[in-house]
Structures are given as structure tokens and as C-alpha cells.
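Remarks on the structure that follows.
The values are calculated or read from the model by the stated rules, or taken from the named source; none is laboratory data. Since this is a predicted model, take the numbers as computed values, not measurements. Every residue, glycine as well, gets a Cβ built from its backbone with ideal geometry; the counts of neighbours run over all protein chains shown.
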Amino acid sequence: MDLPGFRLHAFRGDYRFAMDRFGDTALAAVPLMDAVAACVFFGVWIIYNILLDGRFRHPRSINSLMIAVREGWMWRMLAREQRMMDAALIGHSIRTATFFASTTLILLAGLIGLLSSAERLHAATANMSLLLTSGALALFEIKVLLLVGIFVYAFFKFTWAIRQFNYFSAIVGSAPEPSAPLDPHLARRMADMLSHAFWQFNAGVRAYYFALAALGWFIHPAAMMLGAALVTVVLRYRQLYSRTAHDIARHVEFLQAGHDRQPLDANRNAPRT
């Protein structure tokens, strides 16, 4: 007699067998070199986030300096009666984040379609070039799933940035008039909240850079590690040593010195390109 308890026990046994078999197949499909490359890839990404865009970010990085720039912006906004320009700037940020979120959905749709025909594409890439190391079909699917995971992460970052920009729009709308008593810490709090939105947006854009590095895995595990290191070097250079970083640092010094209340020298040298 087919009892419900017996069917449930049989189902659990089949499920465990299938999961154990899937796990063994997935682990067997990932060679040691590929596993090391994946660990290095995520390790480099996490360390970069901690040192340049997290709790321990460099005080002279662009992400840190822009907090002071946004605080200066908030002081100017609170002193203005007409705040249409500020609303337009926030709207531009929302549109940019929305564009990236929409683009990410298109990329995800393409990658999911790629998974549906993974077997055929895997066979094609195996015979395409000696440069491409396709490996087993399961490893090829894992590589595609890595890209899917990166873009899912980017999508959540972009959508959370959009939500925060919208929250900040309500804060701007509720900001006190210039003639009202002003909390001396209000500009800083508003700058911090706006910075949180931009950090989420930056994290989403950064995921695109590391997705490019992850594409190197289709060539060779060493190519992915080299790509992750190259992306980190490029982003670190832009954050700390680029011309833009130096110009922003000088602008922050200008704001902190109170020179923004004085007329600018119209005869100063034009910036270099």
C-alpha cells in the first residue's frame, strides 16, 4: 500500500541523492586553479570595497572628498529660496541610476538566455579557438552564473540608490526656508544621506568593472585574476592619483577655507585636458 509517509520518505531520499550528486558534479567540474581564481576575484573586490569605499576608505579618495563637496552644496541649497536647480541635479542622478538599472535587466535577460543554450554554445566555444579554455559544461555554466550573480548584485545596488535619491528628494522638499532658524548640523546630515545614495550607485557601477574582469575566466583562470587586479589598480588610481582627484581635493580646500564667498579670478590659467 502506498502510504503518504512512505512517499514523503522516498521523496526526501531522492532529493538528498540528487543534491549530493549535483554537489559532487559541481565540485568535480571546478578545477583547483579555477577555484583559486574565484577566491582571488572575490577577495580583491571585497578588499577594494573596504579600503576605498567602506569604513576604512582613504580620506583623500574621491569618495571621501565628495562628502565635503556635497555638504557645501547643501549649505548653498539651504541659503537659496529657489531650489529648482537642486531638484534638477537630483533628478539627473535618478535618471542615470535608472538607465543603469534598465541596462542591467537587459544584460540579465541575455545571460539567462545564454544559460538556456549553454550546451550548444559550450560546444561552439570549445572548437572556436585554442585561446578559450571552456572546460566541462558544468564549469561553463558556473562562469555564466557568476556573471548573472554580479549583475543581480548591481541591479539591487542601482534600485536601492534610486530609492534613496527619492527619499532625499522628500528631504529637500521639506528643508527649511532661508529665513527660518537653521540647525548647524542639517547640511552635514543631508550630505551624508545623499552620499549613501551615491555610494550604492558607485557600487553598482563598480560591479560592471568587475564583470569585465570575470569575462577573463572564459579565457583562463589567470586572466580573471589579472583582470581583477587590473581593475583594482585602475580604480585606485582614479580615486587617489588622477587629475580629477587632485582637482576635487583643491576644491574641498577652497570650500573649507571659505573662499567660495569671494569672486573667482577670471584671469586664472585654463585647466589642462
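Can you find even one residue in the range 168-186 that is modelled with pLDDT of 95 or more, closer than 24 Å to Asn49 by Cβ and crowded, with 17+ Cβ neighbours inside 10 Å? Yes, some residue in the range 168-186 is modelled with pLDDT of 95 or more, closer than 24 Å to Asn49 by Cβ and crowded, with 17+ Cβ neighbours inside 10 Å. The residue list Gly204, Gly149 contains one member that is modelled with pLDDT of 95 or more, buried (at least 16 other Cβ atoms within 10 Å of the Cβ) and of a type outside the set (Phe, Trp, Tyr), which is Gly204. For first residues located in the range 73-93 and basic (Lys, Arg), partners that are part of a helix (DSSP H, G or I) and lie 6+ apart or on another chain with Cβ distances below 8 Å form the pairs Arg80/Asp86; Arg83/Met77; Arg83/Val172. Note on the range 72-120: among residues that are of a type in the set (D, E, K, R) and part of a helix (DSSP H, G or I), the one that is nearest to Gln164 (Cα to Cα) is Arg95. Among the criteria (1) at pLDDT 95 or above; (2) closer than 19 Å to Ser195 by Cβ, the one Leu78 does not fulfil is (1).
The residues in the range 214-225 that are over 17 Å from the mean Cα position of the chain (by Cα), more than 18 Å from Ile46 (Cβ to Cβ) and either hydroxyl-bearing (Ser, Thr, Tyr) or assigned to a helix (DSSP H, G or I) (or both) can be counted, and the count is 5. State yes or no: is Arg163 part of a helix (DSSP H, G or I), touching a Leu at 6+ places or on another chain (Cβ under 9 Å), under 22 Å from Phe99 (Cβ atoms) and of a type in the set (Lys, Arg)? The answer is no for Arg163. Remark: pairs (first residue in the range 188-214, closer than 19 Å to Val252 by Cβ and free of Cβ contacts under 8 Å to residues at least 12 places away in the same chain; second residue among the acidic types (Asp, Glu) and surrounded by fewer than 20 Cβ atoms within 10 Å (Cβ to Cβ); Cβ separation under 8 Å; 6+ apart in sequence or on different chains) are absent. Against the test of being more than 30 Å from Ile248 (Cα to Cα) and either at pLDDT 50 or above or among the β-branched types (Val, Ile, Thr) (or both), the options Val69, Val40 yield a single qualifying residue, Val40. The residue pairs whose first member lies in the range 228-250 and is within 26 Å of Phe42 (Cβ to Cβ), whose second member is among the hydroxyl-bearing types (Ser, Thr, Tyr), and whose beta carbons are closer than 7 Å, counting only pairs six or more residues apart or on different chains, are Val231/Tyr209; Thr232/Tyr48; Leu235/Tyr48; Leu235/Tyr209; Gln239/Ser61; Leu240/Ser61.
For the range 48-75, give me the residue count where each residue is surrounded by 13 or more Cβ atoms within 10 Å (Cβ to Cβ) and either of a type outside the set (Gly, Ala, Ser) or on the phi > 0 side of the Ramachandran plot (or both).
Quick first cut of the range 48-75, residues surrounded by 13 or more Cβ atoms within 10 Å (Cβ to Cβ) only: 48-49, 51-54, 57-58, 60-75.
Retained after the next criterion (residues that are either of a type outside the set (Gly, Ala, Ser) or on the phi > 0 side of the Ramachandran plot (or both)): 48-49, 51-53, 57-58, 60, 62-63, 65-67, 69-71, 73-75.
Final tally of qualifying residues: 19.
Checking the stated criteria, Leu52 turns out not to satisfy the condition of being modelled with pLDDT of 50 or more and farther than 26 Å from Lys157 by Cβ. Right, Ala170: part of a helix (DSSP H, G or I) and either of a type in the set (Ser, Thr, Tyr) or within 17 Å of the chain's Cα centre (by Cα) (or both) or not? No; evaluated as a whole, the condition is false for this residue. Restricting the range 99-146 to residues that are at pLDDT 90 or above and among the polar types (S, T, N, Q) leaves a set whose member that is surrounded by the most Cβ atoms within 10 Å (Cβ to Cβ) is Thr104.
If you take the residues of the range 208-263 that are under 28 Å from Leu32 (Cβ atoms) and in contact with a Lys or Arg (Cβ under 7 Å, 6 or more places away or on another chain), which of them is surrounded by the fewest Cβ atoms within 10 Å (Cβ to Cβ)?
Phe218
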